[in-house]
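First comes the structure, then the notes that go with it.
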Amino acid sequence: MNLPPVVSAQEWQAARERLLVREKEATRARDALAAERRRLPMTRIEQKYVFDGPAGRVGLADVFEGRRQLVVYHFMLTPGSSHHCEGCSMFVDNLGHPAHLNARDTTLALISRAPRTEITPFQERMGWTLPWYSSYGTDFNPAFGLTSEAGESFGLSVFLRDGDDVYRTYFTTGRGVEALGSNWTLLDLTPLGRQETWEDTPDGRPQGTPYSWWRLHDDYDR
């Protein structure tokens, strides 16, 4: 394997400090993007959606659990399908304790098209405790661009509640969601990286087909 060159501690420190300049530039750029994101306009949700949740049937405003902000991960779980999305599952595995978000008046929840009878067994298998709602029988997914003739997709939406009025303020999908997961962030710090062919990696280091190594967390040892 083509490993990084071995240098003295002084040379390593100098190289690290050169990279740190670039990292600080990236941090300031992320801060600027976040500031711009906070200034985005919002759109009012006119449809009165009803979801099937852990405590029964609720409206979108109820998913906030009394808080002002709501982050929803649109988990790909198609009604009647035996497949469980490895990418969505890996993302949810990365989510931490919600108390820290709750302290900032923010609720985190999952919403899928599958009925609760299909959500609950999988949630129990994975050991996840986040509230997970079913939009089965509603047009919530297609209305938010998650289901189309091309199939079903995933994403993350942010909502703001003002009294009984709910507004959508942000949405991201693809690598915009991936950037929020600690697995990918931690692997990006390592010399081998994610070990996928799309990465700019020195020759001779392991690289495989993107996404092909992803598993449900209890499938890696099988």
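None of the figures in this text is laboratory data; all of them are computed from the coordinates on show. These numbers were taken from a predicted model, which means no experiment stands behind them. All Cβ positions, glycine included, derive from the backbone under ideal geometry; neighbour counts span all protein chains shown.
Which of the residues spanning the range 109-134 are in a helix (DSSP H, G or I) and within 17 Å of the chain's Cα centre (by Cα)? Of everything in the range 109-134, those that are in a helix (DSSP H, G or I) and within 17 Å of the chain's Cα centre (by Cα) turn out to be 123, 126.
Looking at 168, 175, 161, which is the one that is free of Cβ contacts under 8 Å to residues at least 24 places away in the same chain and more than 11 Å from residue 74 (Cβ to Cβ)? Write out each step before concluding.
Working: 168 fails: free of Cβ contacts under 8 Å to residues at least 24 places away in the same chain; 161 fails: free of Cβ contacts under 8 Å to residues at least 24 places away in the same chain.
Selected residue: 175, the only one of 168, 175, 161 that is free of Cβ contacts under 8 Å to residues at least 24 places away in the same chain and more than 11 Å from residue 74 (Cβ to Cβ).
Considering 7, 21, 50, the condition of being more than 30 Å from residue 135 (Cα to Cα), surrounded by 11 or more Cβ atoms within 10 Å (Cβ to Cβ) and among the hydrophobic types (A, V, I, L, M, F, W, C) is satisfied by 7 alone.
Within the range 165-222, the set of residues being in contact with a Ser or Thr (Cβ under 6 Å, 6 or more places away or on another chain) and among the small types (Gly, Ala, Ser) comprises 193 only. Residues that are under 29 Å from residue 162 (Cβ atoms), without any contact (Cβ under 8 Å) to a residue 40 or more places away in the chain and of a type in the set (Gly, Ala, Ser) were ranked within the range 76-124; the one that is surrounded by the most Cβ atoms within 10 Å (Cβ to Cβ) is 112.
Do we have any residue at all in the range 30-47 that's surrounded by 13 or more Cβ atoms within 10 Å (Cβ to Cβ) and either more than 15 Å from the chain's Cα centre (by Cα) or among the acidic types (Asp, Glu) (or both)?
As a first pass, look at the range 30-47 and keep what is surrounded by 13 or more Cβ atoms within 10 Å (Cβ to Cβ): 42, 45.
Cutting the leftovers down to either more than 15 Å from the chain's Cα centre (by Cα) or among the acidic types (Asp, Glu) (or both) gives us 42, 45.
Yes, the range 30-47 contains a residue that is surrounded by 13 or more Cβ atoms within 10 Å (Cβ to Cβ) and either more than 15 Å from the chain's Cα centre (by Cα) or among the acidic types (Asp, Glu) (or both).
For residues in the range 135-163 being surrounded by 13 or more Cβ atoms within 10 Å (Cβ to Cβ) and aliphatic (A, V, I, L, M), which is nearest to the chain's Cα centre (by Cα)? Once the filter is applied, the top-ranked residue is 156.
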